[in-house]
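Here is the structure we will look at.
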Amino acid sequence: MMVDDGKVPMFKEQGCWLTCHEGQRDLNPATKEEVAANAAMKAYKKSDVRKYLPASRSNVSDWKTGKSPEELAKIKAAGGFVDLIQWRGHRTNPVGGADDGYVLEWRNFDDGKNHFASNLDAATKQPKFMFDAGKFGSKAVTADQVGKKDNFLIKGTNAVPFDPNAGWKAGDMLPRYALQPTDASGSAADNKGFGTWKDGMWTVVVVRPLNLANPDDKALKAGGAYTASVSPSMTTTSPRAATTCPTSRPSASAPRPTSWRSSCPDPACSRPPRGGRDARTGKFPNPRMENPK
């Protein structure tokens, strides 16, 4: 879900479609070579093109014309970005969280630590954690178990440091992400999210504090009016369906968290990504899953 407070031109009319452009992932994507050769993307330290607002480009139809970091900083300081709040059935719901990010020149996470982190050790190219067999029932999962049980690897609950000599077999898999409820911090951890499946419907409640003062947040205030563009996605790779709806909050005698409720009729809304990390090689059977976001 994207949220704006009226400071992003045309967002009220176009919603999240305003952030979709040729060149980004899944939309005639730019090649790695094109991105690597682009001065703006080098300055942003990004290796691919993702959602962005027209104000971040000199030519709104050309991802290659990104403005300088100094220009972007001025736009951001003036509130020219949209907040991005994402509830994820497999990365945040098990620990009661929801992503907090924003879109300007790219689809960014807020400062701080998310409710999840990569389970890949960049130095050893092996997983960081595996399941605690005593608590989970096994040290890994196999393809036939995906979707049949909750395969969430959670630090402090069922995760232990990865042991490369634990007797791994072909087909053993570990989640790409390890959930970290106690590590989530900073602006990235502002939101809470709770999803339940009942009577053939997912019901999701996202809770966000009022009056946030972080520079990467849209502060929601009692009595304020905001535009929210809601986009449910059945998987991490499928196209999104979006709607835009003006949302207002009545004045209150005392500050209280603001919450949104959304329902999805498909149980696949919380389906984990296809495949998983091979516990022996540290790689994914589906190359599309190599991208961390």
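Listing for the model above:
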read-out	value
Residues that are within 21 Å of ALA77 (Cα to Cα), aliphatic (A, V, I, L, M) and open to solvent by 20 Å² or more (accessible area, probe 1.4 Å), drawn from region 28-58	ALA43, ALA55
PRO232 vs. criteria at negative phi, part of a loop (DSSP other than H, G, I, E, B) and within 21 Å of the chain's Cα centre (by Cα)	yes
Residues of region 88-142 classified as open to solvent by 40 Å² or more (accessible area, probe 1.4 Å) and of a type in the set (Lys, Arg), total	5
Residue that is most open to solvent (accessible area, probe 1.4 Å) [pool: residues in region 143-177 that are over 22 Å from LYS125 (Cα atoms) and more than 24 Å from the chain's Cα centre (by Cα)]	ASP144
Near pairs, Cβ below 7 angstrom, 6+ apart or cross-chain, from region 205-230 (under 20 Å from ALA78 (Cβ atoms) and open to solvent by 50 Å² or more (accessible area, probe 1.4 Å)) to any residue that is assigned to a loop (DSSP other than H, G, I, E, B) and at pLDDT below 95	ASN211/PRO255
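One line per residue, one yes/no per condition, for (1) among the basic types (Lys, Arg); (2) over 30 Å from ASP4 (Cα atoms):
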| position | (1), (2) |
| --- | --- |
| ASN114 | no, no |
| ASP132 | no, yes |
| LYS139 | yes, yes |
| GLY147 | no, yes |
| SER185 | no, no |
| THR196 | no, no |
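The values are calculated or read from the model by the stated rules, or taken from the named source; none is laboratory data. In this text, all values refer to a predicted model and were calculated from it rather than measured experimentally. Positions of Cβ are backbone-derived with ideal geometry, glycine not excepted, and every protein chain shown enters the neighbour counts. For accessibility, only protein heavy atoms count, side chains too; no ligands or nucleic acids. Shrake-Rupley method; radii C 1.70, N 1.55, O 1.52, S 1.80 Å.
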